[in-house]
Every structure is written in C-alpha cells, then in structure tokens.
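Working notes, structure below.
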Amino acid sequence: MTVDTPPGQWADGPGADWVEEAEEADEDLALRREAAADETSRASRHWWDRNADDYQDEHGAFLGDDRFTWCPEGLDEADARLLGDPAALSGLDVLEVGAGAAQCSRWLAARGARPVALDISHRQLQHARRIDEERGGPLVALVQADAAVLPFADGAFDLACSAYGAVPFSADTAELMREVHRVLRPGGRWVFSVTHPIRWAFPDEPGEEGLTATSSYFDRTPYVEQDEQGRATYVEHHRTLGDRVRELTGAGFRLLDLVEPLWPEELEQSWGGWSPLRGRHLPGTAIFVTRRD
Ligand SMILES: C[S@@+](CC[C@H](N)C(=O)[O-])C[C@H]1O[C@@H](n2cnc3c(N)ncnc32)[C@H](O)[C@@H]1O
C-alpha cells in the first residue's frame with residue numbers, strides 16, 4: 001500500500017522501513033486518514049502503555065532523570081529559559097502536559113516549583129514513579145488524564161509546559177489550548193514543543209531520503225497506524241504554523257516567540273528521523289512560547 005509521510009518518530013520510527021516490516025509481518029498498517037478525538041485518545045493511551053518500557057529504555061539516557069530538554073536537538077530549559085528566569089520558578093504551580101516519565105517536572109521541582117506531571121499513559125507514569133523511587137524521592141505529583149479534558153480548577157497553575165507531550169497526539173488541539181488557558185492564571189506562560197510542521201512534507205528518514213519533500217505541507221490528514229480491524233493503534237495530527245497561531249490566539253494566548261532550535265554541531269546522536277544531516281537542512285522542532293492574556 002502507499003503510505004504518505006509519517007511525521008514523527010517518538011513512535012519508534014514509523015518510517016518507510018517500518019512500513020515494509022509491518023506488511024511482511026501482517027501487523028499494523030500506516031496510512032493517512034481521518035481520526036476523531038476519541039479514537040485518537042484511545043490509540044494514544046494504548047500505544048504509550050504498550051511502548052513505554054521500550055521508549056524509556058531507548059531514550060531515557062538522553063532525556064536524563066531530571067533534565068528538562070525541549071527536543072532531540074538537545075535545547076535545555078536551563079539555557080533557553082523559555083519559562084522565564086529559572087530563579088523565579090520557586091513556589092510556582094506548574095502543569096507538565098504529556099509528561100511521560102516526568103523528567104522535566106523533576107528539573108522544575110529541583111528549582112522549587114510545584115509541578116504536576118499529567119499523562120494519558122499509566123505505564124509512562126509508572127516509569128515516573130519508578131525513577132522517583134530509585135532516586136529516593138521526592139515524589140512528583142502524577143495525574144493520569146487526557147490533556148484535552150484537564151481535571152483541574154480554573155486558574156490552578158502559574159505555568160504550563162510540554163516537551164513533545166500531548167499536542168502532536170491530540171485530535172482537537174484547539175480544545176486542548178482552551179483547556180490549558182482555563183487552568184492557567186492570567187499572565188501565565190504556556191510553552192510547548194512539537195515536531196516542526198514543515199517535517200510533515202518530508203519522509204521521516206534520517207538520511208538523504210528525508211531531504212526531499214514528497215507530501216503537501218498543507219495536507220492536515222492525520223498519520224494513522226491501524227490494526228487488521230481498521231482500529232487506530234497510533235495517531236499523530238498535523239497543524240501548519242498558521243493553524244497553531246490561530247488556535248493559540250483563538251484560545252486567548254499571546255505568542256511571544258517561536259523557537260526553531262539549531263542542530264548543534266557537536267551532537268551526533270540521532271532520534272528517529274531527527275539526525276545531524278537533516279538538522280543541518282531543516283528545522284526539526286518548533287517551540288511555541290505563549291502567555292495567557
Ligand atoms: C514523546 S512523549 C513526551 C514526554 C516527555 N517529554 C519525553 O520527552 O519523553 C509523549 C507523551 O505524551 C503522552 N500523551 C499522548 N497523548 C496524550 C494526551 N491526549 N493527553 C495526555 N498525554 C498524552 C504520551 O503518553 C507520552 O508520554
């Protein structure tokens with residue numbers, strides 16, 4: 001079957017090689033098709049529950065237990081300061097959206113913030129708890145929930161952040177933005193990273209093949225992997241840069257910056273389709289820095 005450009009590889013590399021393997025093994029198939037919010041959420045929860053162990057095995061060392069890195073380019077919050085002055089984090093209530101094993105939350109807690117690490121996957125949160133226990137605490141507050149339906153009161157947080165968390169894996173990100181806006185106090189920042197939207201036009205391959213555009217950047221059709229019954233098992237959703245700006249401003253956020261991290265010359269380590277070669281030619285990550293009006 002023909003498969004359009006898979007966008008990201010947090011999902012263990014659903015690129016062309018993966019598709020061939022899947023077809024041979026009669027496993028899930030990859031395609032571009034619509035996927036509604038409930039189907040997307042169900043797929044995300046199950047996929048991350050099934051794959052959390054492998055994900056943490058493969059990427060845990062890069063992520064570090066208490067490092068706050070925004071992206072495969074290795075841009076750290078300690079240097080980027082997109083949440084503001086690290087010295088001013090102390091005492092702030094912070095929501096980490098799609099926290100995984102809560103590495104970023106641990107970095108925030110070490111600076112005196114009070115983070116809540118929210119994730120849809122129970123298994124990812126079990127890894128968060130495991131890491132805390134191995135380190136002898138303190139324990140990060142964990143909440144299992146869908147980012148599009150936040151179980152918090154209005155104005156509960158001073159800051160919200162997400163490093164490739166729920167945003168790419170949610171169907172209705174306009175609603176997600178409204179939810180984050182609702183739980184933030186006035187003036188609170190919402191900073192999140194996602195695969196740079198331009199990557200959706202290119203094959204998700206780390207080598208030369210990943211440098212030639214083969215799809216339309218404007219095609220918002222989700223990337224879906226589905227089982228033999230046609231049920232989605234993994235979904236990623238695409239928005240253009242303009243779409244993101246409109247959903248952010250529509251929710252009541254002011255865009256302060258759009259950061260496109262450079263690939264550092266000394267960084268040799270690839271992460272799926274994020275590689276030194278592609279990083280020299282194309283942005284791989286977009287980080288939206290916003291403030292609630
Ligand atoms: C690529 S990981 C990012 C987490 C962490 N920053 C990291 O780099 O490992 C994506 C995370 O988003 C979570 N996620 C996906 N969809 C979600 C949703 N709708 N609501 C909350 N979390 C979600 C996944 O379970 C996963 O832990």
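Derivation of every value follows stated rules applied to the coordinates shown; laboratory data play no part. Note that the coordinates shown come from a computational prediction; the quantities given were computed from them, not determined experimentally. Cβ placement follows ideal geometry from the backbone for every residue including glycine, while neighbour counts extend to all protein chains displayed.
Please identify the trypsin sites (Lys or Arg not before Pro) of region 89-151 that satisfy two criteria: DSSP loop assignment and at most 12 other Cβ atoms within 10 Å. Which are they? The partial results should precede the final answer.
Working: sites: 106, 111, 123, 129, 130, 135; in loops: 111, 135.
Those satisfying the criteria are 135.
Could you give the angle, 0 to 90 degrees to the nearest 10, between helix 173-183's Cα long axis and the longest principal axis of the Cα atoms of the chain?
Taking the Cα atoms of the chain, the angle to 173-183 is about 10 degrees.
Compare the peptides 183-195, 272-284 by average per-residue count of other Cβ atoms within 10 angstrom and give them in order, highest first.
183-195, 272-284
Using the Karplus curve 6.51 cos²θ - 1.76 cosθ + 1.60 with θ = phi - 60°, what ³J(HN,Hα) values do you get for each residue of region 42-58, in whole Hz, with x for Gly and Pro?
Each residue's phi maps through the Karplus curve to give 4, 4, 5, 4, 5, 5, 6, 5, 5, 9, 4, 4, 5, 4, 5, 4, 6 Hz.
How long is the gain from residue 141 to residue 243 if the chain were fully straight, where each residue apart is worth 0.36 nm and the alpha carbon distance is subtracted? Walk me through the intermediate numbers first.
On the way: separation 102, 0.36 × 102 = 36.72 nm, distance 3.24 nm.
Using 0.36 nm per residue and subtracting the Cα-Cα distance, I get 33.5 nm.
Can you compute the charge dipole magnitude of the chain about its Cα centre, using +1 on each Lys and Arg Cβ and -1 on each Asp and Glu Cβ, nothing else charged? Give it in debye, rounded to the nearest 20.
1740
From Cα pairs below 8 angstrom and at least 6 apart in sequence, can you work out the relative contact order of region 16-292, rounded to a whole percent?
Once divided by the residue count of region 16-292, the mean separation gives 21 percent.
When DSSP assigns beta bridges and you keep just the ones with both residues in the chain, what percent turn out antiparallel, to the nearest 5?
On the way: 23 of 41 bridges.
Within the chain, antiparallel bridges account for around 55 percent of the total.
Between residue 79 and residue 258, how many nm apart are label points set 7 Å from Cα along the C-beta direction?
In this crude label model, residue 79 to residue 258 measures out at 2.3 nm.
Calculate the spin-label point distance for residue 293 paired with residue 213, positioning each point 7 Å from the Cα along the beta-carbon direction, and give it in nanometres.
3.2
Going by average Cβ neighbours within 10 Å, how do the peptides 59-71, 203-215 rank, with the highest at the top?
Details: 59-71: 17.7, 203-215: 16.0.
Packing proxy ranking, top to bottom: 59-71, 203-215.
Could you list the square roots of 5 times each eigenvalue of the Cα gyration tensor of region 16-292, that is, the equivalent ellipsoid semi-axes, sorted largest first and rounded to whole Å? Intermediate values should be presented prior to the final figure.
Working: eigenvalues 156, 86, 83 Å².
Taking √(5λ) for each eigenvalue gives 28, 21, 20 Å, largest first.
Peptides 169-176, 73-80: what's the order by average Cβ count within 10 Å, highest mean first?
169-176, 73-80
Which one, 118, 157, 276, projects farthest toward the positive side of the charge dipole computed for region 16-292 from Cβ point charges (K/R +1, D/E -1)?
157
Please list, by residue number, everything in region 134-162 whose backbone N is under 13 Å from a paramagnetic label point 7 Å out along Cα→Cβ of residue 122.
Of the residues in region 134-162, 144-145 have backbone N under 13 Å from the label point off residue 122.
Given a Förster distance of 22 angstrom, what is the FRET efficiency for residue 220 paired with residue 149, based on the Cβ-Cβ distance and rounded to 0.05?
With a Förster radius of 22 Å, E is 0.45.
Of 215, 131, 252, which is farthest on the positive side of the dipole of region 16-292, counting Cα position, with +1 on Lys and Arg Cβ, -1 on Asp and Glu Cβ, and the Cα centre as origin?
Of 215, 131, 252, it is 252.
Got the relative contact order for region 73-185 handy, in percent, Cα pairs under 8 Å and 6 or more residues apart?
After rounding, I find 27 percent.
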